[in-house]
1. Hey, can you tell me all the residues within segment 117-136 that are open to solvent by less than 40 Å² (accessible area, probe 1.4 Å) and under 25 Å from Leu99 (Cβ atoms)?
2. Only one residue in Leu109, Leu77 is more than 12 Å from the chain's Cα centre (by Cα) and modelled with pLDDT under 90, so which one is that?
3. Quick check on segment 137-153: of everything there that is surrounded by 12 or more Cβ atoms within 10 Å (Cβ to Cβ) and not in a helix (DSSP H, G or I), which residue is modelled with the highest pLDDT?
4. Which condition number does Asp115 fail, the rest of (1) more than 15 Å from Gln25 (Cα to Cα); (2) in contact with an Asp or Glu (Cβ under 7 Å, 6 or more places away or on another chain) being met?
5. With the checklist (1) open to solvent by less than 100 Å² (accessible area, probe 1.4 Å); (2) at pLDDT below 70; (3) under 24 Å from Lys126 (Cβ atoms) in hand, flag the one item Glu40 doesn't pass.
6. Only one of these is over 14 Å from Leu77 (Cα atoms), at pLDDT 85 or above and not polar (S, T, N, Q): Glu156, Glu134. Name it.
Amino acid sequence: KIAAGFKDLEADRIEIAEKLAERTQDLQEKVTEFITHKAEDLKQWYSDNQIQDKLEKVAKKVGATVIYPVLLLYNLLNSPNVIVHNKMLIIAPLAYFILPADLIPDVILGAGYVDDGAAIMTCLQKLSTLITSEVIEQTNKQYQQMIGKVDAEVVEKITKQIKGGKDTSSDNQLE
């Protein structure tokens, strides 16, 4: 009976994980569609000062899983190796992060930055090959100044998400 109970529990866990993955994918698609249609409007909301102000305001509240990818994307935007076309792609999710009113309002504790994170991660996934060791160094430096020590475990999880869950140990750029 106990073994059967564990099997049922494992099956339930797998079913919940699959549903969560589906919902996350749906949210990512909705955010991508929203940003695609609103990209030009969003660009008017972006400036370096606004992103810095927002990061300082929310850094300690939202933690590494939100702040690190935002800083990574911000540093990718400022990289001299990224062409203008790609910089334009980066500005939209950063502007979306700045806006307090979006698909899930930022004031909703625990969930307010889920859509922002989906937008940021989608952009990072699309441009992952452009993330150099210099971009990562700058991100780590800014993160340390803002929050404190960079948690290697959290960075590894973020890296895997950016790389689509693939093993990143043989990849030179995003480690």
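1. To start, the set of residues in segment 117-136 that are open to solvent by less than 40 Å² (accessible area, probe 1.4 Å) comprises 117-124, 127-128, 131-132, 135-136.
Those that are open to solvent by less than 40 Å² (accessible area, probe 1.4 Å) and under 25 Å from Leu99 (Cβ atoms): Gly117, Ala118, Ala119, Ile120, Met121, Thr122, Cys123, Leu124, Leu127, Ser128, Ile131, Val135.
2. None of the other options fit; the residue is Leu109.
3. So the first thing to find is which residues in segment 137-153 are surrounded by 12 or more Cβ atoms within 10 Å (Cβ to Cβ), and the list is 138-143, 146-147, 150-151.
When the remaining residues are screened for being not in a helix (DSSP H, G or I), the result is 147, 150-151.
Details: Ile147: 81, Val150: 81, Asp151: 84.
Among those residues, the one meeting the criterion is Asp151.
4. Here Asp115 meets the rest and fails (1).
5. (1) is the only condition that Glu40 fails.
6. Working: Glu134 fails: over 14 Å from Leu77 (Cα atoms).
Only one candidate qualifies: Glu156.
The values are calculated or read from the model by the stated rules, or taken from the named source; none is laboratory data. This structure is a prediction, so every number in the text was calculated from the model and none was measured. Glycine also receives a Cβ, built like all others from the backbone with ideal geometry; neighbour counts cover every protein chain displayed. These accessible areas exclude ligands, DNA and RNA; they are computed on the full protein's heavy atoms, side chains included. Shrake-Rupley method; radii C 1.70, N 1.55, O 1.52, S 1.80 Å.
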